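In what follows, a structure is listed as structure tokens, so that the remarks can point back to it.
The values are calculated or read from the model by the stated rules, or taken from the named source; none is laboratory data. This one's a predicted model, so the numbers in the text were calculated from it and none came from an experiment. Heads up, the Cβs are rebuilt from the backbone with ideal geometry, glycines too, and the neighbour counts pull from every protein chain shown.
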Amino acid sequence: MAASGCGKAGGGESMKSKSLTLFAVIALLPGCGSGRTPTPYVEAHSLRQLMDTVMEPDAQVFWRSSGAVSDVTGTRDLTPTSAAGWAAARSSAATITETGNLLLMPMYARARGPDWVGFSQDLVRAGQAAEQAAIRRDGDAMFEAGAKLGAACSACHQAYLPQDQAAKADS
Ligand code: HEC
């Protein structure tokens, strides 16, 4: 019998002692002990993959919709000018917000310091401000939110990555 599920083994009176033994064994398996329930979600991405495939691309979408860039040809305002542009900015902000919430899930939060929760919540709040700015179509608020978002990313990187890696993650 495969020991899938926790404490589901056995059944019927005659199985009682056998079930108890099996239960004792299963209780020792990871995630099946007292007070711990198995995670119902699928651990689909490592933290690094989540950063590379969700967090970074969505942050780039938002940053490319906020503030201004200057080059030899002059200064160009990045604030969206179309409904599609605002929708993309809003969607990226919402994704960042929820990715911040994901960082609080055990698969990412376990084995971290107590400041992990604060860094993740700061990112969620920055993401919420970013989404509000996009909903209001407020260019100044977009710029401010973009800066706050960047600060929330680097605060956690500074604490959890070696200097050179943190600099790379924030570049
Ligand atoms: C709560 C902490 C935390 C927050 C907030 C956070 N990160 Fe990260 N980030 C990490 C950690 C830890 C790593 C290192 C992951 C690894 O290499 O295993 C990382 C790595 C990265 C990397 C490098 C991935 C690689 O391939 O080396 C990028 C890019 C990145 N983060 C982008 C972002 C952006 C953009 C934001 C904000 C919108 C952000 N992160 C917010 C913790 C965080």
Across the stretch 78-94, which residue is farthest from Ala145 (Cα to Cα) among those that are polar (S, T, N, Q) and surrounded by fewer than 20 Cβ atoms within 10 Å (Cβ to Cβ)?
Ser82
Checking Gly146 against (1) at pLDDT 95 or above; (2) more than 14 Å from the chain's Cα centre (by Cα); (3) not in a helix (DSSP H, G or I), which single condition isn't satisfied?
(3)
Only one of these conditions is not met by Thr75: (1) more than 15 Å from the ligand (Cβ to nearest atom); (2) in a helix (DSSP H, G or I). Which number is it?
(2)
Among the polar types (S, T, N, Q), within 13 Å of the ligand (Cβ to nearest atom), over 16 Å from the mean Cα position of the chain (by Cα) and exposed (fewer than 14 other Cβ atoms within 10 Å of the Cβ): is that true of Gln165 in this structure?
yes
